[in-house]
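Structure record follows, encoded as structure tokens.
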């Protein structure tokens, strides 16, 4: 494939392999490893997304809420699971509004749609309206997960990608991709550059929950797992550069 045109900082421009993508962002990265929001991290992510949108790619986003609440962890401390999951959904909305603010500072018109109705701050989730926004060059951020307890934002990303007709799920992580073992525990873990959904599930590789991979496998939706913390990686992913791990059926 022809090398994409690059800006002065080495980030790909203009050429893209995909025209519509679903970007999944982990909430814990928005906190910079802490509870709450790190504005510098959110601003850096917004700049990366803005560059891709200016190149003509339609971008929808799903954000986790792990920098505020994790329902499963709260359950372990004695909280009722469904209630703690709803708290986590509210955390995703806070992250969505923060990203919307920084994207609009970059000049990118952005809409937040939530699975739980909160009319004063966001639109309700309507897939046809979301597609219209994307066609007009707007970024659409999906907040509040699926609006249902027990479903992760990884699964939400897979479902939303299918419903809006995205070509790929870009799963941004704090690691370079899918490894043969947890690289934080095993220094000899090897990066896997290509793998099938089935093998990820069968080997129990915990880069995302099995429900998300199963949904993508059943519907032929590819997933690209890559490191968000490397500046310009969103553009590289969209341009089809060989980064991270490509998961296909």
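A few comments on the model shown:
- Check on residue 60, over 28 Å from residue 237 (Cα atoms) and crowded, with 17+ Cβ neighbours inside 10 Å: no
- Qualifying positions in the range 222-248 - in contact with a helix residue (DSSP H, G or I) (Cβ under 8 Å, 6 or more places away or on another chain) and outside any loop (DSSP other than H, G, I, E, B): 223, 224, 226, 227, 233, 234, 235, 238, 247, 248
- In the range 1-37, the residues that are assigned to a loop (DSSP other than H, G, I, E, B), modelled with pLDDT under 65 and within 14 Å of residue 240 (Cα to Cα): 1, 2, 3, 4, 11, 14
- Residue identified as surrounded by fewer than 22 Cβ atoms within 10 Å (Cβ to Cβ) and under 28 Å from residue 177 (Cα atoms) among 52, 93, 41: 41
- Taking (1) under 28 Å from residue 18 (Cβ atoms); (2) in contact with a strand residue (DSSP E or B) (Cβ under 9 Å, 6 or more places away or on another chain) in turn, residue 94 satisfies each apart from (1).
- Beta carbons closer than 6 Å, at least 6 apart along the sequence or on distinct chains, pair a first residue in the range 100-114 that is without any contact (Cβ under 8 Å) to a residue 60 or more places away in the chain with a second that is part of a loop (DSSP other than H, G, I, E, B) for 109/138; 111/138; 112/122; 113/125; 114/122; 114/144.
- Residues within the range 84-112 that are within 28 Å of residue 56 (Cβ to Cβ), part of a helix (DSSP H, G or I) and under 16 Å from the mean Cα position of the chain (by Cα), tallied: 8
- Screening residue 78 on (1) touching a helix residue (DSSP H, G or I) at 6+ places or on another chain (Cβ under 9 Å); (2) surrounded by fewer than 14 Cβ atoms within 10 Å (Cβ to Cβ); (3) modelled with pLDDT under 85 shows it passes everything except condition (1).
- Matching residues in the range 190-219 - criterion: being assigned to a loop (DSSP other than H, G, I, E, B) and touching a strand residue (DSSP E or B) at 6+ places or on another chain (Cβ under 8 Å): 190, 193, 205, 207, 208
- Within the range 163-173, considering residues that are touching a strand residue (DSSP E or B) at 6+ places or on another chain (Cβ under 9 Å) and over 15 Å from residue 237 (Cα atoms), the one surrounded by the fewest Cβ atoms within 10 Å (Cβ to Cβ): 165
- Some residue of the range 136-152 being more than 20 Å from residue 26 (Cβ to Cβ), at pLDDT 95 or above and out of contact with any helix residue (DSSP H, G or I) (no Cβ under 9 Å at 6 or more places or on another chain): yes
- Only listed residue being out of contact with any helix residue (DSSP H, G or I) (no Cβ under 7 Å at 6 or more places or on another chain) and modelled with pLDDT of 95 or more, chosen from 103, 99, 126: 126
- Total residues in the range 38-65 satisfying the condition of being assigned to a loop (DSSP other than H, G, I, E, B), touching a helix residue (DSSP H, G or I) at 6+ places or on another chain (Cβ under 8 Å) and at pLDDT 95 or above: the figure is 2.
- Qualifying positions in the range 110-135 - over 27 Å from residue 149 (Cα atoms) and surrounded by 14 or more Cβ atoms within 10 Å (Cβ to Cβ): 133, 134
- Enumeration of residues in the range 151-197 that are closer than 11 Å to residue 207 by Cα and without any contact (Cβ under 8 Å) to a residue 12 or more places away in the chain: 181
The values are calculated or read from the model by the stated rules, or taken from the named source; none is laboratory data. Here the structure is a predicted model, which is why all the values come from computation and not from measurement. We place every Cβ from the backbone using ideal geometry, glycine too, and count neighbours over all the protein chains shown.
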